[in-house]
Amino acid sequence: MPPILLRLLLTLACACLLTAAAPRTAYAAEPLRLVIFDVDATPPLGNIMAYDPVLRPGELTLRCRGIALLGADAPVVLCAVDWIGIGNEAHDAFRDALAAAAGTTRARVAVHTLHQHDAPAFDLGAEAILKAADLPPGRWDSTFARATMQRAADTLRAAMTNATAISHLGWGSAKVLEVASNRRIAGPDGRTRAVRYTTTKDPALRAEPEGVIDPNVDLVSFWSSNRPLAVLSYYACHPQSYYRTGVPSPDFPGIARFIRGQAVPEALHVHFNGAGGNIGAGKYNDGNKENRLTLALRLADGMKRAFEATTKTPLAAADLAWRVERVALPASPHLDEAKLRAQLPIVKSLPFFGPADRLNFLLRTKAGHLTDISCLALGNVRLLHLPGELFVEYQLAAKSLRPELQVTLASYGDYGAGYIGTERAYAEGGYETAPNSSNVAPEIEGVLMGAIKRLLEVK
């Protein structure tokens, strides 16, 4: 064969190989795309919130906002709502609505609340139980919540045609000063002798050490070159400064989010409450109404320093992975179906965790319901999504499992479980692990930590 013909054949062969490989190279470098959505989630006058009806509007609205990530696989949706809780069938329905809007599945949608107390609750099963007993649904009337859920889905669906390419992922973390403190004060025998609630007027309890907390606010940001598109913040703390005012309020985390939104207006700011079940601002809040702004400014300062400390890394579609573990949450032995049904008519005299929502959780558990625990991997970042009012020990344990990664956590997903303590905490007593507060059994720790380890791929 003449040399010139041989060279020609080799050239053609190489060209064919490069052409065949081109789709894979382009696919690997395909950019992730970002969609943002944001709707008003403020209940109207007269609508019953967690405890009281709305008497008048406040200066700031409640928000339902989030992002969708579009890449090589089906979209992933992350959503945060300024409500006290979305539980049981309502949590399923909210995820289904956003999934349909984004063209994905329920398993790839995470919905969380921030747990503000001057805000609504949403539990379709509790509402159905009360209606079936010919009782008024009260705070479980879902008319407003359903409408908000639909608006969020409609807004997300419309935004799906306007996705923006992401070039970089940002991670930053900073210590928040004088906001969070552990609510459970231990006595000499190791049992909980006092609870440092949201408002703590007792100076002796405020003088107690902060206790076990996660002091850091973690920020995950998405960028188009040097322009931030969205900033997700994660901080573990009950969000109350004061409540039961009849005025819907995003409270101090919502104000901090607003402040940062004004400072960096080109990005949508979405805040998630971490594992703050046993964490509150009680050490730094004696009930003075001015403390709401004080706490907000301190949290906003931490967010600002975390944003300034952000390290950016290139991000492509191949850098995203989504994993889900489906687990059965063990119901607490104190939940008794007959007793809960007998308590339904006296629901108004009971605290927030009432017989209808507790009964609904029990019935779903008996029916074999499984709860999704999920993890979004973005390069070296891991975002965990968990249910209930999780104790901070879970968050600290998750971070310690993979110290070489940037791990953070959103709690207050499916709210049906109520408080979720550690196994040890159930033996220590205290408000959070009492029968009227937690709907799960002490073995919950093994269930959740097992799921977390599998999601983080820990042997």
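Peptides 114-125, 357-368, 44-55, 312-323 ranked from most to least packed, by the mean per-residue count of other Cβ atoms within 10 Å: 114-125, 357-368, 312-323, 44-55.
Converting phi to 3J(HN,Hα) with the Karplus coefficients 6.51, -1.76 and 1.60 and the offset θ = phi - 60°, the range 404-410 yields 7, 10, 9, 10, 9, 8, 10 Hz in sequence order, with x at every glycine or proline. Every Cα-Cα pair of the chain was included, and the share exceeding 42 Å stands at 16 percent. Stretched out straight at 0.36 nm per residue, the stretch from Glu423 to Val264 would grow longer than its current Cα-Cα span by 53.1 nm.
Between Leu98, Leu205, Ala316, the Cα set farthest toward the positive side of the dipole of the chain (charges on each charged residue's Cβ, about the Cα centre) is that of Ala316. Summary of the geometry: the range 167-237 and the range 75-122, compared by the centres of their Cα atoms, lie 23 Å apart.
Rounded, prolate or oblate, given the Cα gyration tensor of the range 370-414, with a/c below 1.5 counting as rounded? Judged from the Cα gyration tensor, the range 370-414 comes out oblate (a/c at least 1.5, b/c at or above a/b). A full extension of the chain between Thr313 and Leu45 corresponds to an added length of 91.9 nm, given 0.36 nm per residue minus the alpha carbon distance.
The antiparallel fraction among DSSP beta bridges confined to the range 33-455 stands at about 75%. Based on Cα contacts under 8 Å between residues 6+ apart, the chain shows a relative contact order of 17 percent. Sequentially through the range 129-136, phi angles give Karplus couplings (6.51, -1.76, 1.60; θ = phi - 60°) of 5, 5, 5, 5, 8, 6, 10, x Hz, Gly and Pro residues having no value and appearing as x.
Considering only the other residues whose Cβ falls under 12 Å of the Cβ of Ala306, what net charge follows from Lys and Arg at +1 and Asp and Glu at -1? Residues near Ala306 contribute +1 overall.
Counted residue by residue at 0.36 nm each, then reduced by the alpha carbon distance between them, the extension gain from Val212 to Ser224 reaches 0.6 nm. Rounded to the nearest 20, the size of the Cβ-charge dipole of the range 33-455 about its Cα centre is 360 debye, with Lys and Arg at +1 and Asp and Glu at -1. Estimated from helices alone, the mean residue ellipticity of the chain at 222 nm is -10000 deg cm²/dmol (sum of -39500 (n - 2.57) over DSSP H runs with n ≥ 4, per residue). Cα-Cα over 19 Å: which of Lys201/Lys304; Lys201/Lys283; Lys339/Lys366; Lys283/Lys304? Listed pairs above 19 Å: Lys201/Lys304; Lys283/Lys304.
Annotation: amide H of Tyr431 has no partner in the under-5 Å range at sequence separation 5 or more or interchain, hydrogens built in the peptide plane. Excluding residues on the same chain fewer than 8 positions from Lys453, give the lysines whose Cα lies under 19 Å from its Cα. Once the sequence-local lysines are set aside, what remains near Lys453 is Lys399.
Read-outs throughout are calculated quantities, based only on the coordinates presented, and are distinct from any laboratory measurement. Bear in mind that the values here come from a model prediction, so they are computed numbers and not experimental data. Every residue, glycine among them, receives a Cβ derived from its backbone with ideal geometry; neighbour counts consider all protein chains shown.
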